[in-house]
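**Q** Dropping a structure here in structure tokens format, bear with me for questions.
FYI, it's all coordinate maths here, none of it is from the lab. Treat the numbers as computed from the prediction; the structure is a model and nothing was measured. Reconstructed Cβ throughout: ideal geometry from the backbone, glycine too, with neighbour counts over all protein chains shown.
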Amino acid sequence: QRCNVLRYYYLTIGTLLNTWNVAWVILSEDGVEFYKKKSDQSPKGMIPLKGATLTSPCQDYSKRALVFKISTAKKQDHFFQASHVEEREMWVKDIKRAIQCLQGGKKFARKSTRRSIRLPETVNLSQLYIQMKDQEEGVKEQRVEQDNKAFNYCFTGVNVVDWLISKDKARNRPEALMLGTGLLNEGFLQPAGDTSKEGAHSAEKSVLLDQTDAIYYFADSGFFCEGYSSDEDVLLKEEFRGNIVKQGCLLKQGHRIKNWKVRKFILRDDPAYLHYYDPTKEDDPLGSIHLRTSVVSAVDYLPDAKKYDVEGNLFEIITSDETHYYFQAATAEERKEWIKAIQTVSKSGK
């Protein structure tokens, strides 16, 4: 019987023979299971975490980024590649905690947050997080430039503390910091940049910092970080000029052969494009979808799809030239997020 599931998503799995395949990966309290696709009942393999070590970033593959490695107690190495930095960091953080819990004979649990920082029993962190994310009344996401990097869809520790006080969630800054730290420890807020990561990971207790240079983002937002060069003469292909709004893996139905394949997607605005890639290769995109004036909506049924290929959470994009594209998300919440992001870009992007 499977232990409590801690995380699941599509990741790219590799071997030292340099063969890479996309798999549905599930992290539980004592191991990592991987499946050929999400609907499979039996895993292709299971990696026990007891006595295992984690290496991230992993430099075994010079031409591949975002790789991390799990080495089992029996000295077997397993390699994984995430689709973006934040995704890798969330996987690494949870796997490390699962390994530490197994070593200490403890059960992986996030419930310790309330006791460790003495949060009142009346505080509902999930509800508070929903209020913080409200587009009208919540914490405003912004673009912050720091150390030759641009952090998009984020905010500072000062923004969090100020908002908690202004909305009467806390009476003073120490009380607001306690609430912010609770949100950070529960995974609702994620650190970005060296300062906030030091506060979250270097101390025995993770803390949210009340500082303008401490940057954070919502765990399920469109956050991304980009480096930039001082060379302003570099011209990019027009459709790649836009800021990255969201990225991740989805199942996409082919146009000619109506089969489904995992693709990595990058959504950009101004101009509004959705590029898709083979996540097992470091190549140029397989294609792009111009989203200006396109229509995106959730669908429950595809007339030309085989029933056993459809796992739910479907949505459709109809472009301005009436081309139809069909996708499957991993969860209903993920589908909702992609639809919302694409709708926004299709209206605002050129």
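**Q** Calculate the all-directions average of the projected area of region 249-291's alpha-carbon convex hull, and give it in nm².
**A** With every direction weighted equally, the projected area is 3.2 nm².
**Q** Something else: Provide the per-residue ³J(HN,Hα) series for region 310-326, in order, calculated from phi with Karplus coefficients 6.51, -1.76, 1.60 and θ = phi - 60°, each as a whole number of Hz, with x at glycine and proline positions.
**A** My calculation for region 310-326 gives 9, 10, x, 6, 7, 8, 10, 10, 10, 7, 5, 8, 6, 8, 9, 10, 10 Hz in order.
**Q** Now a separate question. Each label point is 7 Å from the Cα along the Cα-to-Cβ direction; what then is the distance between the points at residue 50 and residue 127, in nm?
**A** 4.1
**Q** Under a crude label model (7 Å from the Cα following the beta-carbon direction), how far is residue 343 from residue 96 in nanometres?
**A** 3.7
**Q** Still on this structure, I have one more. Against the globular-protein guess of 2.2 N^0.38 Å, express the Cα radius of gyration of region 121-212 as a ratio, rounded to two decimals.
**A** Normalised Cα radius of gyration, region 121-212: 1.04.
**Q** Averaged across orientations, what area in nm² does the convex hull of the alpha carbons in region 11-91 project?
**A** If you wrap the Cα atoms of region 11-91 in a convex hull and average its projections, you get 5.4 nm².
**Q** Express in nm, to one decimal, how much length is gained between residue 318 and residue 65 on full extension, taking 0.36 nm for each residue of separation and deducting their alpha carbon distance.
**A** My answer for the length gained is 87.8 nm.
**Q** Here is a follow-up. How far apart, in nm, are two points set 7 Å out from the Cα along the Cα-to-Cβ line at residue 166 and at residue 293?
**A** With each label point 7 Å from Cα toward Cβ, the separation is 3.8 nm.
**Q** Once amide H atoms are built 1.01 Å from N in the peptide plane, which residues 5 or more positions from residue 272, or in another chain, come under 5 Å H to H?
**A** Counting only residues 5 or more places away or on other chains, the set is 291, 292, 350.
**Q** Note down the net charge around residue 92, summing +1 for each Lys or Arg and -1 for each Asp or Glu among other residues with Cβ under 13 Å from its Cβ.
**A** Cβ neighbours under 13 Å give a net charge of +3.
**Q** How do the peptides 87-97, 168-178, 126-136 rank, highest first, by the average count of neighbouring beta carbon atoms within 10 Å per residue?
**A** 87-97, 168-178, 126-136
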